[in-house]
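A.B. asks: I'd like to ask some things about the structure below.
No value in this document is a laboratory result; all are computed from the given coordinates. Treat the numbers as computed from the prediction; the structure is a model and nothing was measured. We place every Cβ from the backbone using ideal geometry, glycine too, and count neighbours over all the protein chains shown.
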Amino acid sequence: MSSTLGQVFLVAAPSGAGKSSLVNALLADDSSIMLSISCTTRPMRPGEENGKHYHFISIEEYQRLRDTNNLLESAEVHGNFYGTPAQPVHTALEQGHDVLLEIDWQGARQVRQHFPNALGIFILPPSIQDLEKRLRKRGQDEDHVIARRLLAAGGEMAHVGEFQYAIINDDFDVALTQLQAIIQSSRLRTSA
């Protein structure tokens, strides 16, 4: 029925919707899913670990990976480069592991070029007002940054239709249960 190859899951959301918290809770509960670790050329921030949060690499190494088609997706954000190394994903899938990419909608589009059967899950906040409350509660950003994130959120949420599933993260436990159910049901599908 099911193949021995793993499944690719793409989880996207606007900033502040709770994507990272949901993904971390899912991974803590399901050791059969491997989180894809992106690479970046930006400097490491306090509290970050190389190989856990990102693979921190030089611009030259990033360009080599990109130029040899060894990135599933890549983007430049605020003068820094980000991308998903292809080899660890391919290796995990060949070993039968599922791979989860915590990604934005543009990256998800690029990854689907390599994995057309990737399963997309979009995390939504209950409302823009709730999203603003969450961003303010974080206490990480100034007002102008929050305003920019809220403006961007509307554009990001317009792409929810590109994903097979949408979860409204109103109640964290309910949203986590829904995320787990999507993962479990995908494992029960029969081949076409």
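A.B. asks: Excluding SER15 itself, calculate the net charge of residues whose Cβ lies under 10 Å from the Cβ of SER15, where each Lys or Arg counts +1 and each Asp or Glu counts -1.
C.D. replies: Around SER15, the surrounding residues sum to +2.
A.B. asks: With bins 10 Å wide starting at 0, give me the P(r) of the chain over every alpha carbon pair, in whole percents.
C.D. replies: With a bin width of 10 Å, the distribution comes to 8, 33, 39, 17, 2, 0.
A.B. asks: Which residues' amide hydrogens lie under 5 Å from the amide hydrogen of LEU71, considering only partners 5 or more residues apart or on another chain, with H built in the peptide plane?
C.D. replies: For LEU71, the qualifying residues are ALA86.
A.B. asks: Turning to a different aspect of this structure: Identify, among GLN63, LEU150, ASN169, the residue whose Cα sits farthest towards the positive end of the charge dipole of the chain, taking +1 on the Cβ of Lys and Arg and -1 on the Cβ of Asp and Glu, with the dipole about the Cα centre.
C.D. replies: Looking along the dipole axis, the top candidate is LEU150.
A.B. asks: On a straight-distance basis, which lysines could pair with LYS52 in a cross-link, Cα separation under 24 angstrom, same-chain partners fewer than 8 positions away excluded?
C.D. replies: By straight Cα distance, LYS52 reaches LYS19.
A.B. asks: Also, quick follow-up: Quick one, can you get me the convex hull of the C-alpha atoms of the stretch 98-192 expressed as volume per residue in Å³?
C.D. replies: Given the Cα convex hull of the stretch 98-192, per-residue volume reads 117 Å³.
A.B. asks: What are the residues whose amide H is under 5 Å from the amide H of PHE81, where those residues sit 5 or more places off or on another chain and H is modelled from the backbone?
C.D. replies: HN-HN under 5 Å from PHE81: THR41, ARG42.
A.B. asks: Excluding GLU142 itself, calculate the net charge of residues whose Cβ lies under 13 Å from the Cβ of GLU142, where each Lys or Arg counts +1 and each Asp or Glu counts -1.
C.D. replies: +2
A.B. asks: Within the chain, what percent of beta bridges assigned by DSSP are antiparallel, to the nearest 5?
C.D. replies: Restricted to the chain, the bridges split so that about 30 percent are antiparallel.
A.B. asks: Give the long-range amide H neighbours of TYR54: residues separated by 5 or more places, or on another chain, with amide H under 5 Å away, using H modelled in the peptide plane at 1.01 Å from N.
C.D. replies: Those qualifying (amide H under 5 Å, at least 5 residues apart or on another chain) are GLU49.
A.B. asks: Given the stretch 147-192, report the % of alpha carbon pairs whose separation exceeds 11 Å.
C.D. replies: Value for the stretch 147-192 (Cα pairs over 11 Å): 74 percent.
A.B. asks: Another one. Cα centroids of the stretch 71-112 and the stretch 28-44: how far apart, whole angstrom?
C.D. replies: If we compute the Cα centre of each part, the gap is 10 Å.
A.B. asks: Using a 10 angstrom cutoff on alpha carbons, build the Gaussian network for the chain and name the most mobile of ARG112, ARG45, ARG64.
C.D. replies: In the Gaussian network model the winner is ARG45.
A.B. asks: Evaluate the distance, in nm, between pseudo-label points positioned 7 Å from the Cα of ASN117 and of HIS90 along their respective Cα→Cβ axes.
C.D. replies: About 1.8 nm separates the two model spin labels.
A.B. asks: Here's something else I'd like to know. Would you mind counting up the charge near SER32? Only other residues with Cβ under 13 Å from its Cβ, with Lys and Arg at +1 and Asp and Glu at -1.
C.D. replies: The answer is -2.
A.B. asks: Got the relative contact order for the stretch 98-192 handy, in percent, Cα pairs under 8 Å and 6 or more residues apart?
C.D. replies: 34
A.B. asks: In the chain, if the dipole is taken from +1 on Lys/Arg beta carbons and -1 on Asp/Glu beta carbons about the Cα centre, which of SER15, GLN106, SER32 is farthest to the positive end?
C.D. replies: Positive-end residue among those listed: GLN106.
A.B. asks: Right, here's the next one. Figure the gain on full extension for HIS53 and HIS78 (residue separation times 0.36 nm, minus the Cα-Cα span) and round it to one decimal in nm.
C.D. replies: Between HIS53 and HIS78, full extension yields an extra 7.2 nm.
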